[in-house]
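Any read-out appearing in this document is the output of simple, stated calculations on the displayed coordinates, not a laboratory observation. For clarity, every value in this text was computed on a predicted model and none was experimentally measured. All Cβ positions, even for glycine, are placed from backbone atoms using ideal geometry, and neighbour counts span all protein chains on display.
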Amino acid sequence: MLRTAIERPDLISAECVETGENPELADKYDAQSVPLTVTNETFRQKGLLPEERFVLEMVYLKHAEQLLEEMQKNDPDMVPEVAGLAMAEGLTPAGEFDVVVAGAGPAGLTAAIYAERSGLKTLVLEKGVVGGQVILTPEVENYPGFKTVGGVQLMEMIASQARDYCEIHEGEGLDEIKIGKKIEVITAKGRYLAKSLVLATGASAKLLGVPGEAQLFGRGVSVCASCDGWAYKGKQVIMVGGGNTALTEALHLKNMDVGVTLVHRRDEFRAEKHLQNGIKKAGIEVIWDCGVEEFLGDETGLKGVRLKNLKTGELSELKVDGAFLAIGWNPNTEIPQQVGVTLDQWGYIKVDRNMRTNIPRIYACGDVIGGVQQIATAVGEGSTAALAVFEDISNPYWTKAE
Ligand SMILES: Cc1cc2nc3c(=O)[nH]c(=O)nc-3n(C[C@H](O)[C@H](O)[C@H](O)COP(=O)(O)OP(=O)(O)OC[C@H]3O[C@@H](n4cnc5c(N)ncnc54)[C@H](O)[C@@H]3O)c2cc1C
């Protein structure tokens with residue numbers, strides 16, 4: 001859009017709004033951490049879309065799926081390769097690849113770089129936006145080669161390197177796997193055939209599952225302080241949790257001038273000592289031995305929380321404008337489980353030292369396999385997975401005699 005606005009200012013005028021600096025506009029358009037494009041005040045596109053799709057939707061002011069349906073009604077024989085519109089299930093496959101990588105965090109992007117550099121035609125599918133969890137991290141200070149680097153900046157560098165090699169489809173997640181002669185990878189937008197599949201789907205934030213949470217999610221309840229914290233400048237929030245993430249994010253909020261209180265169900269933190277010292281030094285209040293029983297609010301958003309002291313059973317209410325949850329992660333394994341990929345006792349995908357799962361031609365790497373869950377390990381495992389794919393495509397171990 002910016003390109004068209006620059007090239008044809010007579011036709012298109014565009015305005016980029018930084019939501020952190022313009023909270024009233026963010027409220028008006030209900031914009032959160034995901035990029036949002038509003039055209040002529042009527043048509044909304046959420047997330048980073050592939051360029052062809054974005055332009056097509058902007059031109060017709062219709063979502064691609066609706067457009068595809070209308071085009072097929074007019075011409076049932078049409079092969080919908082128009083503007084990157086993917087194939088619905090049952091139609092011709094949208095493409096054939098040596099490797100499809102699911103997930104564009106550090107593990108998936110590294111696997112893609114290594115796979116293409118091994119001569120394997122690679123596609124990366126990313127359910128959300130490129131970057132994975134690292135884009136939630138304001139500063140990374142333990143990735144070798146960089147004393148300190150912004151999470152977004154680091155991932156932009158890795159993604160730009162990966163884009164030089166292969167296609168990355170943002171906003172297109174892996175929805176289903178079918179195993180046949182080739183592996184069929186099915187998304188809401190397309191069906192791809194691949195010789196192998198690398199799962200680098202990371203982990204998702206755990207929720208509390210208490211009343212009010214689902215209704216107020218995105219309207220006061222959040223799992224990403226680095227994404228949504230700016231909206232609470234000068235306001236009061238709680239941070240729920242007692243691990244490294246909870247304490248890091250509480251410090252981050254305090255630094256943004258947000259009034260933050262930590263709520264923890266135990267009487268001591270699991271987080272590293274230096275973070276505990278940071279919390280004390282920053283004067284962040286801690287409510288010990290308490291869990292959230294209910295999120296209180298209405299259609300305008302969160303107004304408070306009901307807390308329960310887990311030792312005494314006493315209930316209390318606290319007025320807050322926001323509540324951030326940092327209580328752990330669930331590995332994203334739902335789809336591979338459907339084809340029998342084996343998990344370990346903690347629910348992470350089980351792999352051998354070459355990142356092979358129990359299903360031939362399916363590999364996994366990064367946070368989805370557990371371990372120490374760091375960027376450096378995700379990158380290492382991504383490269384190992386891609387090299388194993390190359391080795392196995394050249395010399396398939398599953399066809400050898402036992
Ligand atoms: C707040 C915070 C701070 C951190 N700080 C550090 C740090 O300082 N240093 C450090 O080394 N590590 C840090 N980490 C950990 C680090 O971010 C992770 O270990 C790393 O991102 C794991 O990479 P990954 O590629 O395995 O998974 P992720 O980064 O989780 O990426 C997985 C990607 O897969 C996508 N996905 C999920 N399901 C699907 C699907 N079905 N189809 C397609 N795509 C899918 C997700 O949208 C996501 O983009 C931090 C994590 C957090 C949350």
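Charge tally for MET157 (other residues, Cβ to Cβ under 12 Å; Lys, Arg +1; Asp, Glu -1): -1.
Residues with beta-carbon under 14 Å from that of ALA112, excluding ALA112: net charge, scoring Lys, Arg +1 and Asp, Glu -1? The partial results should precede the final answer.
Numbers: positive: ARG117, LYS121, ARG163; negative: ASP98, GLU116, GLU126, ASP164, GLU167, GLU170, GLU381.
Result for the local shell: -4.
Dividing the mean sequence gap of close Cα pairs (under 8 Å, 6+ apart) by how many residues the chain holds gives a relative contact order of 16 percent. Considering only TYR29, TYR60, TYR114, the Gaussian network model of the chain with Cα springs below 10 Å gives its largest mean-square fluctuation to TYR60. Straight-distance candidates among the lysines for linking to LYS127, with alpha-carbon spacing under 19 Å and chain neighbours fewer than 8 residues away dropped: LYS46, LYS178, LYS189, LYS206. Reported to the nearest whole Å, the Cα centre-to-centre distance from the range 117-180 to the range 277-304 is 33. Counting charges near GLN338 (Lys, Arg +1; Asp, Glu -1) among other residues having Cβ under 13 Å from its Cβ returns a value of -3.
DSSP finds beta bridges in the chain, and of those with both partners inside it, around 50 percent are antiparallel. Does the range 272-373 come out rounded, prolate or oblate, given a ≥ b ≥ c as the square roots of the eigenvalues of its C-alpha gyration tensor, rounded meaning a/c under 1.5 and, failing that, prolate meaning a/b above b/c? Taking the square roots of the gyration eigenvalues as a ≥ b ≥ c, the range 272-373 is prolate. With the simple spin-label model, which puts each label point 7 Å out from Cα in the Cβ direction, the ASP257 to ASP298 separation comes to 3.0 nm.
Length gained on full extension, LYS233 to LYS182: 13.2 nm, using 0.36 nm per residue less the C-alpha separation. The stretch between LYS73 and GLU18, if pulled fully straight at 0.36 nm per residue, gains 15.8 nm over its current Cα-Cα span. The aspartates and glutamates whose alpha-carbon is closer than 16 Å to the alpha-carbon of LYS273, local same-chain residues fewer than 8 away aside, are GLU249. For LYS303, a cut-off of 18 angstrom between C-alpha atoms picks up these lysines, skipping any fewer than 8 places away in its own chain: LYS233, LYS235, LYS319.
Rounded to the nearest 5, what % of DSSP beta bridges with both residues in the range 213-325 are antiparallel?
Working: 13 of 28 bridges.
Bridges in the range 213-325 that DSSP calls antiparallel: roughly 45 percent.
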